[in-house]
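First the structure, in the form of structure tokens, and then the observations on it.
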Amino acid sequence: MRRPFKAPTPTKEGPRANREIRVPRVQLIDDEGQNRGIVSIEDALRAAEDAGLDLVEIAPNSEPPVCKITDLGKMKYQSQKKAAEARKKQKTIEIKEIKMRPNIDTHDYEVKMKAVRRFFEEGDKVKLTLRFRGREMAHMELGMKLLNRVREEVEPIAKVEAEPKLEGRQMMMVLAPR
């Protein structure tokens, strides 16, 4: 026999308000911001009802809990706006990859370095990858010399986050903006 699916009880977002507050006494702050002291929950709910507003739990962990008479809808709206503003201001740092070969020509190298500088200006990290093919594996020092040259060139604007290391046929180095 199959058991019936029992969904978990829904958890409410945000602070408790009005009849959801289940403590006998609360520290009450009225709609003007004045501290009314410790009152019973019935008196606090009556005061909120008289003002035409909601009784909202501000500090549930204090003893007794602090409740404020305020407009719950307005409070939720303001917290949503604050969260949206914080999301807008944050920047995600991406890792951009630049691939090179150990025997790269000077012009190609300059074009790649221009891209590296642009990535640093945008605030992104750069992962430099050197791929060795065939007989190039016998001359790892050329790759190391190239990565050191890149490091010296971007020294004023970037720092080395991961030192050059060899993984199979590739040598990698990660640079982060200063």
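The values are calculated or read from the model by the stated rules, or taken from the named source; none is laboratory data. A quick note: this is a predicted structure, and the numbers were derived from the prediction, not measured. Cβ coordinates were reconstructed from backbone atoms using ideal geometry, including for glycine residues, and neighbour counts include every protein chain displayed. Side chains included, ligands, DNA and RNA excluded: accessible areas come from the protein's heavy atoms. Shrake-Rupley method; radii C 1.70, N 1.55, O 1.52, S 1.80 Å.
Structural remarks
- Accessible area in the full protein assembly, largest first, 1.4 Å probe, for L45, L130: L45, L130
- Computed with every protein chain present, the accessible area of M75 is close to 60 Å² [probe 1.4 Å].
- Amide H contacts of R16 (H built 1.01 Å from N, in plane; Pro and chain starts excluded): E57 sit under 5 Å, all sequence-distant by 5 or more or on other chains.
- Along region 105-122 the Karplus relation, 6.51 cos²θ - 1.76 cosθ + 1.60 evaluated at θ = phi - 60°, assigns HN-Hα couplings of 7, 4, 5, 4, 4, 5, 5, 5, 5, 5, 5, 4, 4, 5, 4, 5, 5, 7 Hz to successive residues, with x for each Gly and Pro.
- Label selected from (1) 9.0; (2) 11.3; (3) 21.7, the criterion being mean projected area of the Cα convex hull in nm² as computed here: (3)
- For region 1-71, relative contact order (Cα pairs under 8 Å, six or more residues apart, normalised by length) works out to 31 percent.
- Amide proton proximity set for D71, modelled H, under 5 Å, gap of 5+: D54
- Integer Hz, Karplus 6.51/-1.76/1.60 couplings in order for region 13-25, x for Gly and Pro: 7, x, x, 6, 9, 6, 6, 6, 6, 10, 10, x, 10
- Considering only K89, K12, K127, the Gaussian network model of the chain with Cα springs below 10 Å gives its largest mean-square fluctuation to K12.
- Model label points for R133 and A51, set 7 angstrom from Cα along the Cα-to-Cβ axis, are 7.4 nm apart.
- Here each label is just a point 7 Å from Cα along the line to Cβ, and for R36 and K81 those points are 2.6 nm apart.
- Too-long pairs where the Cα-Cα distance tops 29 Å, listed order kept, from K91/K112; K89/K159; K74/K125; K89/K165; K114/K165: K74/K125; K89/K165
- The HN-Hα couplings worked out from phi for region 47-56 by the Karplus form 6.51 cos²θ - 1.76 cosθ + 1.60 (θ = phi - 60°) are 5, 5, 5, 4, 7, x, 10, 9, 9, 10 Hz, whole numbers, x standing for Gly and Pro.
- For region 78-178, the fraction of alpha-carbon pairs in successive 5 Å shells from zero, as %: 2, 12, 22, 20, 15, 9, 6, 4, 4, 3, 2, 1, 0
- Relative to the longest principal axis of the Cα atoms of the chain, helix 140-153 runs at roughly 60 degrees.
- Considering helices alone, the calculated mean residue ellipticity of the chain at 222 nm is -11000 deg cm²/dmol, with DSSP H runs of length four and up weighted by -39500 (n - 2.57) and normalised per residue.
- By definition, a body whose alpha carbon gyration tensor gives a ≥ b ≥ c is oblate when a/c is 1.5 or more and a/b is not larger than b/c, and region 1-103 fits this oblate description.
- Lys, Arg +1 and Asp, Glu -1 on Cβ, resulting dipole of region 123-178 about Cα centre, debye, nearest 20: 200 debye
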